[in-house]
1. Assuming 0.692 mPa s and 37 °C, estimate D for the range 285-347 with Stokes-Einstein, Rh taken as the Kirkwood radius over Cα pairs, in µm²/s.
2. Which of the peptides 27-39, 91-103, 208-220 is most tightly packed, and how do the rest follow, judged by the mean count of other Cβ atoms within 10 Å per residue?
3. For the range 1-82, what are Rg and Dmax over the alpha carbons, in angstrom?
4. Counting Lys and Arg as +1 and Asp and Glu as -1, each charge on the Cβ, what is the dipole of the chain about the Cα centre in debye, to the nearest 20?
5. What ranking do K186, K361 get, fewest neighbouring Cβ atoms within 10 angstrom at the top?
6. Could you pull out every residue, at least 5 positions away or on a different chain, whose amide H is within less than 5 Å of the one on T293? Hs are placed 1.01 Å off N in the peptide plane, and Pro or chain starts have none.
7. By how many nm would the segment from A200 to I91 lengthen if fully extended, with 0.36 nm per residue of separation less the alpha-carbon distance?
8. Taking 0.36 nm per residue of sequence separation and subtracting the Cα-Cα distance, how much length would be gained by fully extending the chain between W208 and F98, in nm to one decimal?
Amino acid sequence: MANKVAKPDLSFWQIWNLSFGFLGVQFGFALQNGNVSRILQALGADVHDLGYFWLAAPIAGIIIQPIIGGASDSTWTKLGRRVPFILGGAIAATLAMFLMPNSEFFVALMPPMLFGATMLLIMDASFNITFQPFRALVGDMVNDKQRDVGYSVQSFLINTGAVVGSALPFILTMVGVNNEPSEGQKVADSVVWSFYIGGATLMITVLWTVLRTKEYPPEEYAEYNNIDLEAQKAEKEQLTKEGGNAITNFIKTLVSSPKVMFQLAAVQLCSWVAFYFMWVYSTPAIAQHIWHTAPQDVTSAAYNEAGNWVGLMFAMYSFAAAIFSLLMPTLIKATNRKTVYASALILGGLGLLSIGMIQDKYLLFASMAGVGIAWAAILAMPFSILSENLPAEKMGIYMGIFNVTIAGPQIFAGLFGGTIASNFFDGNAVGLLTMAGVILIIGAFCVGIISDNKDKEIEQ
């Protein structure tokens, strides 16, 4: 086989277009994170059961992302390799976003809370269909020199979308949209219209990526990544001849996973447990801690005001993450990836720890700035490190398998979060945010076990 041909440098706007659709996907994801607990409680869910509803996302991720990753590795269409999956997921997610806040109007089909939970499952499954191909797309298209820039731009766009999505209910309330459910209504108009706008934005931005991105055709991709297409074809034929099935092949792929994937898993465990607690319990925690509402008081003006404030807090952490994303490539060059990664997680942990000590709602923005710095690193660092250690022909399936390190911790947190709150914090949800801060700091120390080839090259 001929020597590997270097991938060409992409222009800034080509890198931008690769991930622009992720802005819209994260717009929708931020609306989900900031408002789904609020919607489900309005439909009748108990605060201690919220974690169970949120299990839809990680369960969908564990099942769907490896399948989508493996399928996209071997899918070559006129639209491209990853783009068909990105587009399909975006269409399904948009429909679910339009329907979920209107769950109460589908009572003829099923109880509102069950319909809402079903839409949450579809929304999460659809987001997962788009997430993995977007991450693999950057790995496919950028060369090693531009890898950190590629994932930092992706992190910036993700967090820019999250800023607007998180703040949108508050913004709509400020311009006069009703923030309390009208008589006979369960979900406030500010939330309903936010989901409409979010769904439309998701589709528009994904279409931008679809229309502006031209993926490398199979032969060119193989040349850039030193892939022998004939040998690859022969290997598939041999597996078929030996009676290999999808499960057997998947197990072989899993066993041969790069060591760094397992090292990153320890950090991912801490990161995603912490953020899951924050996403699920921030609204009830802030309502109880700052607005002094009772746990069952979910339709009052105070509770809905707290819900909007949590949206602004999430916008703040997304804004901080977007800014830090721009700084990360420079900081990495000045130090190394592991130093930046660990420092960011420590700042995020301190931010979460401080929430339980604050009584002034405006000071919460300082806490969330630290959380945002951690979030920027979580979105970029693991994928930048991992993609350098993956075989190009299996980029998608390994990225999908790696999602287990995202979804697994969330399943754990969803199963035990309510129990922890009841048994250790007397039902006070803010205790879970304090616990999340401690876990995130533990994750920072776990960064030390990661073998980062790029950092080794810098040291040499």
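1. 233 µm²/s
2. Descending mean neighbour count gives 27-39, 91-103, 208-220.
3. 19.4, 63
4. About 620 debye.
5. Details: K186 21, K361 16.
The order, fewest Cβ neighbours first, is K361, K186.
6. Q288
7. Values: separation 109, 0.36 × 109 = 39.24 nm, distance 1.00 nm.
Going from the current span to full extension adds 38.2 nm.
8. Working: separation 110, 0.36 × 110 = 39.60 nm, distance 2.06 nm.
Stretched out fully, the W208 to F98 stretch lengthens by 37.5 nm.
A short reminder: the numbers here are calculations on the coordinates, not readings from a lab. In this text the structure is predicted, and so the values were computed from the model without any measurement. So basically every Cβ, Gly included, is an ideal-geometry build from the backbone, and we count neighbours across all protein chains shown.
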